[in-house]
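Please treat every number below as a calculation from the coordinates, not as lab data. None of the values given here were measured: they were computed from a predicted structure. All Cβ positions, glycine included, derive from the backbone under ideal geometry; neighbour counts span all protein chains shown.
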Amino acid sequence: MNSKYSFLFVFLFIFIGCKEDVLPKPKAMLRLDYPNEASKGLETDCYYGFEYNQMAKMESKENCSLTLDYPNMKGSIFITYKKVDGDLNTLLSDAQKLSYEHAVKADNIIEQPFINANEKVYGMFYEVKGDAASQAQFYVTDSINHFVTGSLYFYAKPNYDSIFPAAIYLQKDVRRVMETFKWKE
């Protein structure tokens, strides 16, 4: 009987001892290369103009609203125009409320005021971090006649880790829109 146990002991020792050591894989980041930004000016009959990324496909809507679509990134920037008719406080309140509707899913919302006194463009940029539906929101106004809001949305279910590189790239485009924004006379 002793040889039976010896055989079993040797068999188990060999079977258990022949496994390779498990090593953890190093952390890695997904590398996504997006093209360098090449911008062009917006050409419409609307009350405003700005520069936007050539990669975007511009689609005009009614009432001087438009969409900048980025099919390769599965995202769009929606821009809405409204005439200020003595209701600037309501428009500002609505724009701020829209931005903070994402606070439920967002980890953080960073407000960045924007002022271009030379072009009479005043506004706010909201960077939304986390699994919110929109990763960026903004509004600009001349405080007298015109008010424009913009929102960045992706076609996919919000997963911040997955869309992060595209969100950063398109947030730069949103900032470019704001920085080059001009009112037409």
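With 19 Å as the limit, write out which pairs from LYS83/LYS184; LYS129/LYS157; LYS74/LYS184; LYS97/LYS157; LYS97/LYS182 have Cα-Cα distances beyond it, or answer none. Check vs 19 Å cut-off fails for LYS74/LYS184; LYS97/LYS157; LYS97/LYS182.
Computed 3J(HN,Hα) for the stretch 46-52, one whole-Hz value per residue from the Karplus formula 6.51 cos²θ - 1.76 cosθ + 1.60 where θ = phi - 60°, is 7, 7, 8, x, 6, 9, 9, glycine and proline marked x. All other residues whose Cβ lies under 15 angstrom from that of SER76 are scored, Lys and Arg at +1 and Asp and Glu at -1, for a net of 0.
Applying the criteria of a DSSP loop state and at most 14 other Cβ atoms within 10 Å to the trypsin sites (Lys or Arg not before Pro) of the stretch 35-87 yields LYS61, LYS74.
So, counting K/R as plus one and D/E as minus one, what does the shell of residues with Cβ under 12 Å around VAL140 add up to? Local charge sum for VAL140: +1.
Residues PHE7, PHE114 in ascending order of nearby Cβ atoms (within 10 Å, fewest first): PHE7, PHE114. Within a Cβ distance under 11 Å of MET58, other residues only, what is the Lys/Arg minus Asp/Glu net charge? Around MET58, the surrounding residues sum to 0. Given the stretch 39-183 reduced to its alpha-carbon atoms as identical point scatterers, what log10 I(q)/I(0) does the Debye formula return at q = 0.09, 0.15, 0.18 Å⁻¹? After summing over all Cα pairs, the log10 values are -0.25, -0.72, -1.05. Of the trypsin sites (Lys or Arg not before Pro) found in the stretch 133-185, the ones in coil according to DSSP and having at most 13 other Cβ atoms within 10 Å of their Cβ are LYS184.
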